[in-house]
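A quick write-up on the structure given underneath.
The values are calculated or read from the model by the stated rules, or taken from the named source; none is laboratory data. Owing to the predicted nature of the structure, the values given are computational and were not obtained by experimental measurement. For neighbour counting, all protein chains shown are included, and Cβ atoms are generated from backbone atoms with ideal geometry for every residue, glycine included. Surface areas here come from the heavy atoms of the whole protein model, side chains and all, with no ligands, DNA or RNA. Shrake-Rupley method; radii C 1.70, N 1.55, O 1.52, S 1.80 Å.
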Amino acid sequence: MLLSALLGGLSGVSVMAQTNVYSLNAVGYINVTVSPGLNMISCPLIASPDNTVGTLMNNSNGALTGSVVYFYNPVTLYSFDTAENTSGKPSTTNANGWASGGTNVLAPGVACWFDNFFSSNIVFTFVGTVPTGPITNSLFFGLNLVSSVVPASGDIITNSIMNLTNFNVGDTVYTYNPLVPPYYTTYQSGTGKGFGSGYNGNWNAAGDPLMTNVGGGFFYQNNTSGKTVLWVENYSVAQ
């Protein structure tokens, strides 16, 4: 399912140049709901002025205070930032209300953990331009916390836009649902290892990996040292 959450705010803008070449830009919004506790989220839009946490999840009014974002890099591992009050205790002098400045970048294709401090849902509305392709998301050896670069959901392998078919045998995808124990679903590729589900029979009994929600994310474990998986997504507004 592509752009399902954008339909209410989607517009096509045609720009005609003197050479009679035109381009289309899809702009709109998605609503991302985070449950109490840990959630994997992403922003598959190019926001303005940027895709930093301080812009996308501004905490200047203190409404997110106590919540934490965690970003993961396969080399440097976890980094985090905490939403704090701009006055009172705990407090921060940063105008956007994030203790470390909200400088982590939730760019299209990147996912992060959001730890919702509260006992009720938080809804983020992300506004921006839909990325157009082809766009390559490089999945390095080890764990990568990633998402589709476009507002898509569903089967990440056979979806004609997400199309994650350039995987290594033995690679693993971990999705997370904070509402359904045991929370993680594990998908492992294994041609020739007795598997037989999903794309070309290359995945275990769980079948092809599924990204349930637009604005969701997952862990991708690249199990082949020295080889980067190149996940190429190709979307145009004309599709």
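Considering only segment 220-233, how many residues are over 14 Å from residue 170 (Cα atoms) and surrounded by 15 or more Cβ atoms within 10 Å (Cβ to Cβ)?
3
So which pairs qualify, if the first residue must be in segment 78-91 and not assigned by TED's automatic domain parsing to the domain that holds residue 145, the second must be open to solvent by less than 50 Å² (accessible area, probe 1.4 Å) and charged (D, E, K, R), the Cβ gap must be under 8 Å, and the two must be at least 6 apart or on different chains?
Every condition considered, the pairs that remain are 90/84; 91/84.
Filter segment 137-164 down to the residues that are in a strand (DSSP E or B) and either assigned by TED's automatic domain parsing to the domain that holds residue 43 or at positive phi (or both), then identify the one that is surrounded by the fewest Cβ atoms within 10 Å (Cβ to Cβ).
Among those residues, the one meeting the criterion is 142.
Take the residues in segment 66-89 that are surrounded by fewer than 19 Cβ atoms within 10 Å (Cβ to Cβ) and among the β-branched types (Val, Ile, Thr), then tell me which one is farthest from residue 100 (Cα to Cα).
Among residues in segment 66-89 that are surrounded by fewer than 19 Cβ atoms within 10 Å (Cβ to Cβ) and among the β-branched types (Val, Ile, Thr), the one farthest from residue 100 (Cα to Cα) is 75.
Say we look at segment 33-51 and pick out the residues that are of a type outside the set (Asp, Glu), open to solvent by 30 Å² or more (accessible area, probe 1.4 Å) and in contact (Cβ under 8 Å) with a residue 12 or more places away in the chain; which of these is farthest from residue 219 (Cα to Cα)?
Among those residues, the one meeting the criterion is 48.
Can you name the number of the only condition in (1) at pLDDT below 95; (2) out of contact with any strand residue (DSSP E or B) (no Cβ under 9 Å at 6 or more places or on another chain); (3) open to solvent by 70 Å² or more (accessible area, probe 1.4 Å); (4) not aromatic (Phe, Trp, Tyr) that residue 134 fails?
The single condition residue 134 does not satisfy is (2).
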